[in-house]
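One structure below.
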């Protein structure tokens, strides 16, 4: 486990030295550092960790985060001393606060772009990332994830948060999950683990793949 990721009395925290308080999370002052509570109700990665996901070592690693929103989860990954976190989001309303976060942390790069068309992004051409994570609510989210894994992922562990109702509200969440798993496997990705994120998120799954 990353030395800046700690569990205290069942709660998950990330360590930082600047005392950042970004989205209303609890921040505890220690002698020479701060602890920021990483709530599983605010972050898909945190909820997955609470349910047994082992976050890959990201210290000094490059991360591509698709669906960064205002930066809740990205702020904690920044605490874990990632070398660079490229946060992609298409919504300008969430990108504005995310830009402010990037001014506070020099390892965060905000990118206002459609995650479904990153092949057209000159800024990312030729880049490869150690960990690709996707959390977007689009019908074709699995196709978007597969395309970006092929374009930007280094061999290793990557993950996607699956919101079943965004893909097909006429099917049960389990049916959507199974169809999504099959599509990932058909694309040549090895599914390492699937995690039901309840009770933190309803009808959400966290799928870990290996390239």
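Laboratory data are not the source of any read-out in this text; all were calculated from the coordinates shown. What you are looking at is a predicted structure, and each value in this text was computed from that prediction instead of being measured. Using ideal geometry, Cβ is built from the backbone for each residue, glycine included, and neighbour counts are taken over all protein chains shown.
Tabulated data for the structure shown
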quantity	calculated
Highest to lowest packing among 148-157, 65-74, scored as the average C-beta count within 10 Å	65-74, 148-157
Angle in degrees between helix 92-104 and the longest Cα principal axis of the chain, rounded to the nearest 10	40 degrees
Pair residue 154, residue 194: separation of 7 Å Cα→Cβ label points (nm)	2.9 nm
Tilt relative to the chain, helix 173-186 - C-alpha long axis, 0 to 90 degrees, to 10	80 degrees
Extension reserve of the residue 202-residue 171 stretch, reckoned as 0.36 nm per residue once the Cα distance is removed	9.7 nm
C-alpha center-to-center spacing [the stretch 26-45, the stretch 84-145] in angstrom	23 Å
Over the stretch 1-53, volume per residue of the alpha carbon convex hull, in Å³	83 Å³
Theoretical FRET efficiency, 1/(1+(r/R0)^6), r = Cβ-Cβ of residue 119 and residue 26, R0 35 Å, to 0.05	0.30
Förster radius 30 Å - calculated FRET efficiency between residue 57 and residue 17 (Cβ-Cβ, nearest 0.05)	0.90
Å³ per residue enclosed by the Cα convex hull of the stretch 9-99	107 Å³
Label zone at residue 137 (point 7 Å along Cα-to-Cβ), backbone N below 19 Å, the stretch 77-117	88-98, 113-116
Contact order normalised by residue count of the chain, Cα under 8 Å, 6+ apart, percent	16 percent
For the chain, Kirkwood radius (reciprocal of mean inverse C-alpha pair distance, Å)	17.4 Å
Radius of gyration and Dmax over the Cα atoms of the stretch 56-142, both given in Å	12.1, 34
